[in-house]
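Just so it is clear, none of the values below were taken in a lab; they were calculated from the coordinates. The shown structure was predicted, so the numbers you read here are calculated from the model rather than taken from an experiment. Cβ placement follows ideal geometry from the backbone for every residue including glycine, while neighbour counts extend to all protein chains displayed.
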């Protein structure tokens, strides 16, 4: 099936922003899409701004997926970088789609994946640092967690390989 | 988005350009000789005469009598006619048909239709890891209720060539009709309908350098079949519709050319394809060939790359002017990976990273070299983005 992508989507796909891993990340969001099988890992480093509010100081991603999945990953890192945690959690799927100059209907779920990944990364940070988690974020986390089990089962061969390699490198 | 003006078309299993000679043969039938083959006056008779000439040319290629060739508008239509037309016409004998689990969607869904709306039972035979049907499984699946078996000649996705003659013999021993979808083999492999013991056979024009909009269903004379379209006596009453003379003329011409060049072109393509596959598997770690290593179409290469997704590969290749296709869920309108790749035992994520390259008339060694230069870099880049790494 031919899927027409916007110029913006293709730009992000061909030249992704904030690509890679953050060593000693403060928060990591690992999510997967149950239907199409795409997987997105998002890393954040949290810092403080001038009014000493917590902000996303650095953000990077690794994604296994289609053009839309890669482009949404790239654009959400751009949108979230430098934002306070509260602002970052307000980034929703329509904002991502708008910033990409639109997405084909069948690919909207990719933008949902990016939002989930960012929320999970923030959740991970708050949880690790024993900070307050809003009921809304807690609820979203629980929903994501359920599908995550299925995805992790699906990819365990590859993640095992990944872990083994890490152990080798460490 | 194209950085390069170079175009390397490697999707010949999807469609092919019309052969210049086929195009030339067609042209008069659009304008000066535009008659309806059913009309009584001279122009109609001329149309009728060129239609019958085309029928003879096509029939000769599969060694059958012209009266068995029913021209249709597409392979999808031919397959629909074969499955529904035979199943419904023979429903008093039984309501069980057998297909493989790797058929083209038009066979799969025609069978689904019979199951859902006409009280049929469908057996979908499993294939082995190469995509091969075991003829013994066909024998075992046939019951007293079985009227039709339909197994494709070769897979459009993974290129595996099925043991059609053996299956044909089994069907005939058990008095069951046998259909094969030869869309990917007609004009590429020698076909003798009698020797292969097929009763019905589908072939398409646009896969072999003919125009789109023409195909045929071979129906062995005497086979009980009913039309799926109603409203005229065209094509022996089996396909009412004004006959698409220009497309059929182009189809017959293209088929005649392909049949003549079959052996030489097949050898040439197989040697290019072998180099392509060998070098990809050597240059790119964690890659594997899908389909049978030997029993496969000369022009087909289907390879899976771990840790990356197919649509991303396709659009990265597209930027460099290379046209190819994938069985990834992301490229399907149902977000499901190819049923063929799943049927040969690939896991969901392995089907995700599949790439099909199909060669054809215009493919040169330089094109293969160009792909071999571009592809390792693309896979490397996409793997750098992927959380799964090697």
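On the principal axes of its alpha carbon atoms, chain B extends 66, 53, 35 Å, with the longest extent given first. Taking other Cβ atoms within 10 Å as a rough exposure proxy, A:134, B:204 sort from fewest to most as A:134, B:204. Taking A:120, A:149, A:78 in turn, the Gaussian network model of chain A (Cα-Cα springs below 10 Å) assigns the largest fluctuation to A:149.
Calculate the FRET efficiency for residue A:146 and residue B:283 from the Cβ-Cβ distance with a Förster distance of 56 Å, rounded to the nearest 0.05. E between residue A:146 and residue B:283, to the nearest 0.05, is 0.90. Taking 1 over the mean of 1/r across every pair of different Cα atoms in the range B:88-200, what Kirkwood radius in Å do you get? That comes to 14.1 Å for the range B:88-200. Helix B:42-61 versus the longest principal axis of chain B: what angle, 0 to 90°, nearest 10, using Cα atoms? On a 0 to 90 degree scale, this one is about 60.
Give the percent of DSSP beta bridges with both residues in the range B:92-234 that are antiparallel, rounded to the nearest 5.
If we restrict to bridges inside the range B:92-234, about 25 percent are antiparallel.
For chain B, the longest principal axis of the alpha carbon atoms and the long axis of helix B:164-173 meet at an angle near 40°.
Modelled spin labels at residue B:117 and residue B:63, positioned 7 Å past Cα toward Cβ, are 3.8 nm from each other. Going from the fewest other Cβ atoms within 10 Å to the most, the residues B:348, A:156, B:230, A:109 appear in the order B:230, A:156, B:348, A:109. Counting only alpha carbon atoms, the long axis of helix B:365-385 and the longest principal axis of chain B meet at about 60°.
Label positions at residue B:134 and residue A:51, each projected 7 Å from the Cα along the C-beta direction, are separated by 7.2 nm.
In terms of other Cβ atoms within 10 Å, B:29, B:218 run from fewest to most in the order B:29, B:218. Largest first, the three principal axis extents of the alpha carbons in the range A:7-169 are 40, 40, 32 Å in whole numbers.
Of the beta bridges in chain B, as assigned by DSSP with both residues counted there, near 50 percent are antiparallel.
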